[in-house]
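The structure appears below as C-alpha cells.
The values are calculated or read from the model by the stated rules, or taken from the named source; none is laboratory data. Not measured: the values here are computed from a predicted model. For neighbour counting, all protein chains shown are included, and Cβ atoms are generated from backbone atoms with ideal geometry for every residue, glycine included. Note: areas computed on protein heavy atoms with side chains; ligands, DNA, RNA excluded. Shrake-Rupley method; radii C 1.70, N 1.55, O 1.52, S 1.80 Å.
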Amino acid sequence: MKRVLVGMAALAAAFGLVACSGGTAGSASGGGAVPAAASVSSSSSSAPTSSSAPATSSSPESTSAKPTPKPTPKPTPKPKTDPEPSDADVPCAAAAAASGTSACVDISAHRAWLLQDGKVIYGPVSMLPGRKGHATPTGTFHVLSKEKLHLSKQFDNAPMPNSVFFYPGDAFHTGSLKVYSHGCIHLSAASSLRFFTTLHIGDVVQVVA
C-alpha cells in the first residue's frame, strides 16, 4: 500500500513539472515563462559612422554690382534761326535814311545788315569783302540786277549763287567766309538767300570802310 501511494505521489510531481514547463520535460521551446535567473543579452556592434557631413565649398557671398549710371542725354541742338535784328552800330547813314529796303556793309567789321525804312530787319551777319588788290568799292550804290545762279566768266565760270549786283562786277552772293573775294561780298548760303529775296532792283546799298 505504501508503494502505491509513493508511486502516485511521484506521478503527480512529474505531471506538475510538465504542466509548468509548457511542454515535454527538458524542452526549451514554448511560450512559457523565462526563469528569473535567465538573462538575454543582445549586443550589436556596428562600425562607427561619421556624423559630420562632407565639407562643401561655399563661394563668398556675392555682392551686388553697382548699377551702371545712365548716360546723360545730350541736349537737342536748337535749330539755327536768323540773328536778332539790331539797330546798334549800323554805320550806314544813307542806308538808314532810305525808304523801303536797303543794305549796309561794314568792311572793317566784316558785318552786313538789311534795313526796312531805316530799321534793321536782318543782321548783323558775317561777310567777307575783296582781297588786297581787289578791294570792294565803298560808297552808296543801288541794286543793278539779280541772278539766282551767276557764272563768273572772269573766273572760269565760277558759280555765284544768289547774286545781287550793286556795282559792275561786284555783288552779294554765297561764298567762303574764310577766303577773301575779288571784290564781291561773300555771305553764307542762308544770308545770301535772305539778301537775294529781300533786296529789289534800285534799293540802296551802302558800303563803308
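Assess whether residue 146 counts as being touching a helix residue (DSSP H, G or I) at 6+ places or on another chain (Cβ under 8 Å) and either outside any strand (DSSP E or B) or of a type in the set (Lys, Arg) (or both).
yes
Would you confirm whether or not the range 193-206 contains a residue that is crowded, with 24+ Cβ neighbours inside 10 Å and within 14 Å of residue 125 (Cβ to Cβ)?
Yes: the range 193-206 contains one or more residues that are crowded, with 24+ Cβ neighbours inside 10 Å and within 14 Å of residue 125 (Cβ to Cβ).
Out of the range 102-143, which residues are closer than 21 Å to residue 89 by Cβ, outside any strand (DSSP E or B) and not hydrophobic (A, V, I, L, M, F, W, C)?
Correct list: 108, 110, 117, 118, 129, 136, 138.
Suppose we filter the range 142-189 for residues that are open to solvent by less than 50 Å² (accessible area, probe 1.4 Å), closer than 21 Å to residue 122 by Cα and either without any contact (Cβ under 8 Å) to a residue 12 or more places away in the chain or of a type in the set (A, V, I, L, M, F, W, C) (or both); how many remain?
The total comes to 9.
Quick one: how many residues across the range 153-178 are modelled with pLDDT of 95 or more, aliphatic (A, V, I, L, M) and over 13 Å from residue 143 (Cα atoms)?
1
Just to be sure before I move on: is residue 182 at pLDDT 95 or above and of a type outside the set (Val, Ile, Thr) in the structure I sent?
Here the answer is no, as residue 182 does not meet what is asked.
Just for the range 103-122: of the residues that are without any contact (Cβ under 8 Å) to a residue 60 or more places away in the chain and not hydrophobic (A, V, I, L, M, F, W, C), which one is farthest from residue 204 (Cα to Cα)?
Among those residues, the one meeting the criterion is 110.
Looking at the range 112-146 only, could you name the residues that are of a type in the set (D, E, K, R), farther than 21 Å from residue 180 by Cα and more than 46 Å from the chain's Cα centre (by Cα)?
117, 146
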